[in-house]
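What follows is a short report on a single structure.
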């Protein structure tokens, strides 16, 4: 077992290095290729658009040495990255590491709460539907899952604010600072995730429940709950957890949109603002953090699959 | 059955979790606005700290927008108009307990002058503290100096606010509120400063949250999550009007939606062509349909809030497509087979550049595109970053730029006008257009303190010149909006957007 884990971790580590290089290079190329003058963009981000003029842009260009050759700027950046330096934000002047530290914490809070909520909502409903195929709950969950998954998180978020903040007045609409502020953004992400998990676990449950070994377990006299605990749960768990890995894309993409809607100070929100202000070190830093987060979460999913599914371990 | 029981338990737990942290009204006054707090540096986000009444400036403005004493109680200029003395208010404490002295104020101004900002245009020779006065020596006369010292970038912070490299690390001001926490770029919390030199504030705690999305802000007002929400999009305003417990406020501010015109563009060089573009704009339609404020239709560059510069007698700019067509025909523009205008084989084609920081600008841009197309002008709209307008100004690539220009950056619009309509034009003003007469008028007005009547004649001349030559085509005046909870009393909008006037507010008893 330990050998499988080591092999997994090594390959993921290599992957992380590759992701870091690719993300950094791509963001570097793309931000250079964007139309518009970088110095003016950065000046607008720093001083507010009202105060952007040629003087401000020239001050920015000379301070940041923006006129240097792109290749030398790239080599400089790559060298810094190898030493673990991400530089300073061009807009706020703070070290990128420091800014990422704050933002990553907020984003992780949001993403993990969303995953936990999704697991609490999706698989239980799905398994129940799988045990009662064709019944009302199964049909209703199909309709709900299709509806939720086809709505972008942005729309789900607005609907949740309308319901829970405006109509019911239970939860704050946006902002951050207290635990209550976490619920709506996390739920906006969780509902989309839960929709897919519910369908995956429904199908897995249906397959397991109709398998001969499940019928045999019942025949030998186990009660329905024992059969489920002993022979159902683990078998259903593998595809649900594995599929969660696939859904991470949805989660990371959703974080960007949802954070901006709820004024949540996370990494997605920072990425959008850094792009607008052409704050290249922040764009690279946030994209890098999101790429590595993706690799890390995938590794966790793989480890969880290894733990759940003995067939994946070498004999 | 077992499964459903287990499920029911999970569901109940999840629901309990959801209802537990329900909203409780706290004692903090929560303000939400679109503008982010980039940094503690006065030159970068000073406006937020000024508005939240954390920091103060040497000069201030009164209710009517006129210059009034701030941290300076009084100011005088020498006979030769070159030496200004600002008497510093005595007994003023910074939030860290340091006493405000003329030397500290002079240090803060020197810092402001060394960074990009309003002080750029002042010919400063020296700034120093002498006794109780801050003395500013100029190379040439500059009558607007006191007005410029009301700008947020010149706010006076305590020395402890700055690190060794001169960058601000925190904001220690002299205002009625002191910073308790600052989480850039979104949140600022303040608490009442009991040793404030003026009238103490009634409300003890307040917070500022930057929420750039208009929908989010409106929903926060609607749900009672925020006490005061600034800058509402027109669609949300309609909904908020029907919301109980929320009162809407609207105040005309000295900001004008206008089109910056490249006067060197072959199609735009003639004054008549610019006037034809102006005649083809249905201003009332834009003001009513998009801004939802019919009175916002602009017949001149200066809104009524700028009492000195606004010309009350001017007629409404009529929407007259026929007249516009005739004007263009007289300039030699002919309709081609597709109905579009051509002259010497060249089509009348323009790019209108604008930005989305102010949500109504892209919508107004597409309306203009449609209205000019009716004239036979092929307009493409480019919605980008605000900085594309000054960048296009300098590399000459801009044709037309739709912007919202603030003439109230400092209490006297003259400072902004000098930047916009100088001999070289201005990043946010004229492009490849200048008028020696206007330049001279603006110079005279800004350099010398004229007697009021003579000053008014000069101003009227300059304003008339601008509205005839149209280097910038006015479209609409801006109205600042706010949604305020009924639990707050004493609210008003500062037309100069210098202050949120927190210290005037109190919780209502009901």
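Each value in this text was obtained by applying a stated rule to the coordinates, not by laboratory testing. As the structure is a prediction and not an experimental result, all values here were calculated from the model. Here the Cβ is made from the backbone with ideal geometry for all residues, glycine too, and neighbour counts use every protein chain on show.
Within the span defined as the range A:261-280, one or more residues are away from chain B (no Cβ under 14 Å), part of a helix (DSSP H, G or I) and touching a residue at least 24 places away in the same chain (Cβ under 8 Å). Going through (1) more than 13 Å from chain B (Cβ to nearest Cβ); (2) in a helix (DSSP H, G or I); (3) surrounded by fewer than 19 Cβ atoms within 10 Å (Cβ to Cβ) one by one, residue A:255 falls short only on (3).
Considering each residue of the range B:318-329 in turn, none proves to be surrounded by fewer than 21 Cβ atoms within 10 Å (Cβ to Cβ), on the phi > 0 side of the Ramachandran plot and either in contact with a strand residue (DSSP E or B) (Cβ under 7 Å, 6 or more places away or on another chain) or not in a helix (DSSP H, G or I) (or both). Identification of strands (runs of 3 or more DSSP E) wholly contained in the range B:165-228 with 1 or more residues that are away from chain A (no Cβ under 14 Å) and closer than 25 Å to residue B:508 by Cβ yields B:177-183, B:187-192. Of all the residues in the range B:145-164, those that are out of contact with any helix residue (DSSP H, G or I) (no Cβ under 7 Å at 6 or more places or on another chain) and either part of a loop (DSSP other than H, G, I, E, B) or farther than 22 Å from residue B:502 by Cβ (or both) number 9.
When the range B:294-314 is filtered for residues that are over 17 Å from residue B:476 (Cα atoms) and part of a helix (DSSP H, G or I), nothing remains.
What number of residues within the range B:188-202 satisfy the criterion of being over 11 Å from residue B:53 (Cβ atoms), surrounded by 19 or more Cβ atoms within 10 Å (Cβ to Cβ) and out of contact with any helix residue (DSSP H, G or I) (no Cβ under 9 Å at 6 or more places or on another chain)? Spell out how you get there, then give the answer.
Of the residues in the range B:188-202, the ones over 11 Å from residue B:53 (Cβ atoms) are B:188-189, B:191, B:194-195, B:197, B:199-200, B:202.
From the residues that got through so far, the ones that are surrounded by 19 or more Cβ atoms within 10 Å (Cβ to Cβ) too are B:188-189.
Pick out the ones that are also out of contact with any helix residue (DSSP H, G or I) (no Cβ under 9 Å at 6 or more places or on another chain) and you get B:189.
Qualifying residue count, the range B:188-202: 1.
Residues in the range B:462-494 that are in a loop (DSSP other than H, G, I, E, B) and crowded, with 22+ Cβ neighbours inside 10 Å: 2 in all. Considering only the range A:9-30, I want to know if a residue exists there that is under 13 Å from residue A:278 (Cβ atoms) and either without any contact (Cβ under 8 Å) to a residue 24 or more places away in the chain or within 14 Å of chain B (Cβ to nearest Cβ) (or both). Scanning the range A:9-30 turns up at least one residue that is under 13 Å from residue A:278 (Cβ atoms) and either without any contact (Cβ under 8 Å) to a residue 24 or more places away in the chain or within 14 Å of chain B (Cβ to nearest Cβ) (or both). Candidates in the range B:389-414 are the residues that are facing chain A (nearest Cβ under 9 Å) and either free of Cβ contacts under 8 Å to residues at least 24 places away in the same chain or in a loop (DSSP other than H, G, I, E, B) (or both); of these, the one that is nearest to residue B:445 (Cα to Cα) is B:409. Among the residues of the range B:453-470, is any more than 26 Å from residue B:270 (Cα to Cα) and touching a strand residue (DSSP E or B) at 6+ places or on another chain (Cβ under 7 Å)? No, the conditions are met nowhere in the range B:453-470.
Per the conditions (1) surrounded by fewer than 15 Cβ atoms within 10 Å (Cβ to Cβ); (2) part of a loop (DSSP other than H, G, I, E, B); (3) touching a residue at least 40 places away in the same chain (Cβ under 8 Å), the sole criterion not satisfied by residue B:291 is (1). Taking the conditions (1) out of contact with any strand residue (DSSP E or B) (no Cβ under 8 Å at 6 or more places or on another chain); (2) touching a residue at least 24 places away in the same chain (Cβ under 8 Å); (3) within 14 Å of chain B (Cβ to nearest Cβ) in turn, residue A:93 satisfies each one other than (2).
Among the residues of the range B:229-252, those that are more than 13 Å from chain A (Cβ to nearest Cβ) and either touching a strand residue (DSSP E or B) at 6+ places or on another chain (Cβ under 7 Å) or at positive phi (or both) comprise B:230, B:231, B:232, B:237, B:241, B:247, B:248, B:249, B:250, B:251, B:252.
Residue under question is residue A:86, and the condition is that it be assigned to a loop (DSSP other than H, G, I, E, B) and touching a helix residue (DSSP H, G or I) at 6+ places or on another chain (Cβ under 9 Å); does it hold? So residue A:86 passes the test.
Inside the range B:131-144, can you point out the residues that are outside any strand (DSSP E or B) and at negative phi? Reasoning before the result, please.
Restricting attention to the range B:131-144, the residues satisfying the condition of being outside any strand (DSSP E or B) are B:131-132, B:139-144.
Matches in the range B:131-144: B:132, B:139, B:140, B:141, B:142, B:143, B:144.
When the range B:115-154 is filtered for residues that are closer than 17 Å to residue A:46 by Cβ and free of Cβ contacts under 8 Å to residues at least 40 places away in the same chain, the ones remaining, listed by number, are B:119, B:120. Here the condition is being farther than 24 Å from residue B:467 by Cβ and away from every other protein chain (no Cβ under 14 Å); of B:381, B:364, it holds for B:381 alone.
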